[in-house]
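Just so it is clear, none of the values below were taken in a lab; they were calculated from the coordinates. Quick caveat: nothing in here was measured; it's all calculated off a predicted structure. As a convention, Cβ positions derive from the backbone with ideal geometry for all residues, glycine included, and neighbour counts pool all protein chains shown.
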There are 2 protein chains.
Amino acid sequence: MKIAIIGGTGDQGLGLALRFAKIGEHVIVGSRDLKKAESAVDLMKNLLDTNNLPNVTAMTNQDAALEGDIIILTVPLQAQMVTLKSIKDHLNGEIFVDATSPLEGCLGGKATRYVDLWEGSAAERSAEFLKEKAIVVSAFCNISASSLTSIKENVECDCLVSGDNHDANLTVMELAEKISGIKAVECGALENARIVEKLTPLLINLNIRNKIKNAGIRITNL
Amino acid sequence: MKIAIIGGTGDQGLGLALRFAKIGEHVIVGSRDLKKAESAVDLMKNLLDTNNLPNVTAMTNQDAALEGDIIILTVPLQAQMVTLKSIKDHLNGEIFVDATSPLEGCLGGKATRYVDLWEGSAAERSAEFLKEKAIVVSAFCNISASSLTSIKENVECDCLVSGDNHDANLTVMELAEKISGIKAVECGALENARIVEKLTPLLINLNIRNKIKNAGIRITNL
């Protein structure tokens, strides 16, 4: 299964790419600019301390969307729509994981506040725009980039997964749990991303308050 | 310190009253109807397996608000404003803990969805209405009533505390951590209740999905 990470050169995307590359998954690092994607793959080689990452490929976002069996979107909110528009025609009904957090910081405000989107959540915004071109699942938006890039440590955070297609949710949960430390929790329909995405600014707030970079959450008593 | 629980006969209020009574705190169980408050205290005696609870008193909400050194509001959203109106004149600058969750279920909808309040959160609604009559702190809204009333077990949930007065937050955090298993996490200003309160419908959703009654959350890496 080829995992295409759209916006794979940002912290969150690079972190996911690193984690999946480390365990031998086939990863495509996508970027608007092919050279940036290639630089990100070079950085991954450094961070993974290897000259050779045969399972990782750099591509433009469009090619990544075309080649990927599962697509993960990791761009900031202000880049979400323009990125979706640029790749929509390259999708063909794949599982599309939206990891966008609707942070007010993306609009010049505070990263500790959310903004309300008309569709209810960033993931529902993707679903409304992509329609039958993808099966949208919300996941990974609470997992800190810092936790993901600290590749020697477990990620101490649950991955809350919401989506209208149960089988697609299960596929994403299985993928998420390949990352050491992550436990995946199915939260039901995609509309629940309205709550899950809003947790991210709270975790950023707790990071700032406590001078850390990796506050996460665990659901208890499951 | 006398802890007055306004709406102390509901599940959440009774659970908090039980936990505080069990550790010897002075608790006032408030209700619109004094007889209901008295019945709740009788139920507490049964659940705590004692004939004698000298540290627990039944009162009307008004008297409870007047007598309490710290006030905890545990009513459903549809009763919040009418309750606030009934007790406002009996407050005198005390710490006022709002544990209200803005569940759509309170308006005939689903308990797994939130409603947006004009003030941003139920706690901010209390603060706007009570003005200088109280120092409002948001806390306890994520702690399941079932966990609280299972008095022999630890409460496996963090208590996320938000409020504009840091000292008041610390007082509430200290109180919360008297309950076995609870860890209190300060989340900053009262506006953060907008996120924290919205977690409750997600936890209710996870309860329903997993056929449990006590899903909770823990913040990791603090």
> Along Cα→Cβ at 7 Å, what distances in nm separate the A:ASN165 label point from those on the other copies, shortest first?
Replying inline: 5.3
> Between region B:163-222 and region A:150-183, what is the C-alpha centre distance in whole Å?
Replying inline: 23 Å
>> When the expected Rg is taken as 2.2 N^0.38 Å, what fraction or multiple of it is the alpha-carbon Rg of region A:51-191?
In response: 1.04
> When DSSP assigns beta bridges and you keep just the ones with both residues in chain A, what percent turn out antiparallel, to the nearest 5?
Replying inline: 10 percent
> Separation between the A:LEU34 and A:ASN46 pseudo-spin-labels, each 7 Å from Cα along Cα→Cβ, expressed in nm?
Replying inline: 2.3 nm
> Going highest first, how would you order B:153-159, B:119-125 by mean Cβ packing within 10 Å?
Replying inline: B:119-125, B:153-159
>> What Kirkwood Rh does region A:77-145 have if only Cα atoms enter the pairwise 1/r average? Answer in Å.
In response: 12.6 Å
> Quick one: net charge of A:THR57's neighbours, Cβ under 11 Å, K/R +1, D/E -1?
Replying inline: -2
> For the pair B:ILE208 and B:MET1, what calculated FRET efficiency results from E = 1/(1 + (r/R0)^6), where r is the Cβ-Cβ distance and R0 = 45 Å, to the nearest 0.05?
Replying inline: 0.80
>> If each DSSP helix of 4+ residues adds -39,500 (n - 2.57) and the sum is divided by the residues in the protein assembly as shown, what number results at 222 nm, nearest 500 deg cm²/dmol?
In response: -12000 deg cm²/dmol
>> Binning at 10 angstrom from zero up to the longest distance, how are the C-alpha pair distances of the protein assembly as shown distributed in percent?
In response: 5, 21, 29, 21, 13, 8, 3, 0
> How about region A:143-206: which trypsin sites (Lys or Arg not before Pro) there are in a DSSP loop, with at most 11 other Cβ atoms within 10 Å of their Cβ?
Replying inline: A:LYS152
>> Once you keep just the Cα pairs under 8 angstrom separated by 6 or more residues, what percentage relative contact order results for region B:22-103?
In response: 30 percent
> Within a Cβ distance under 14 Å of A:GLY216, other residues only, what is the Lys/Arg minus Asp/Glu net charge?
Replying inline: 0
>> Below 8 Å between Cα atoms, with a sequence gap of 6+, how large is the relative contact order for region B:101-220 in percent?
In response: 30 percent
>> Let me confirm one metric for peptide B:155-168, namely the mean number of other chain beta-carbon atoms within 10 Å of its residues' beta-carbons.
In response: 1
> Between copies, how far does the label point of B:ILE212 sit from its twins, in nm, shortest first, when each point is 7 Å from Cα along Cα→Cβ?
Replying inline: 2.1
> Fully extended, how many nm does the chain gain between B:LYS85 and B:TRP118 (0.36 nm per residue separation, minus their Cα-Cα distance)?
Replying inline: 10.1 nm
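For the protein assembly as shown, give the share of DSSP beta bridges that are antiparallel, in percent and rounded to the nearest 5; count only bridges with both residues there.
If I count the DSSP bridges inside the protein assembly as shown, around 15 percent turn out antiparallel.
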> Which aspartates and glutamates have a Cα lying under 14 Å from the Cα of A:LYS110, excluding residues fewer than 8 positions away in the same chain?
Replying inline: B:GLU191
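Out of all Cα-Cα pairs in region A:130-197, roughly what percent, to the nearest whole number, are more than 15 Å apart?
Across region A:130-197, Cα pairs with separations above 15 Å total 50 percent.
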>> Cut-off under 15 Å on the C-alpha distance; same-chain residues fewer than 8 positions from B:LYS133 excluded. Which aspartates and glutamates are left, in chain and number order?
In response: B:GLU67, B:ASP69, B:ASP89, B:GLU94, B:ASP98, B:GLU124, B:ASP164
> Can you work out the FRET efficiency for the pair A:ASP11 and B:ASN154, with r the C-beta to C-beta distance and R0 = 22 Å, to the nearest 0.05?
Replying inline: 0.05
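Anything over 18 Å Cα to Cα? Flag those among B:LYS85/B:LYS131; B:LYS2/B:LYS178; A:LYS211/B:LYS178; A:LYS35/A:LYS213, in the order listed.
Pairs exceeding the cut-off: A:LYS211/B:LYS178; A:LYS35/A:LYS213.
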> What net charge do the residues around A:LEU66 carry, taking every other residue with its C-beta under 14 Å from that of A:LEU66, with Lys and Arg at +1 and Asp and Glu at -1?
Replying inline: -2
> At B:PRO76, label 7 Å along Cα→Cβ: distances to the other copies, nm, ascending?
Replying inline: 4.3
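Just want the ordering: A:HIS90, B:HIS26, from fewest to most Cβ atoms lying within 10 Å of their own Cβ.
B:HIS26, A:HIS90
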> How high is the FRET efficiency between B:GLU67 and B:PHE129 when r is their beta carbon distance and R₀ equals 30 Å, given to the nearest 0.05?
Replying inline: 0.90
> What is the mean number of Cβ atoms from other protein chains located within 10 Å of the Cβ atom of each residue in peptide A:190-203, rounded to a whole number?
Replying inline: 4
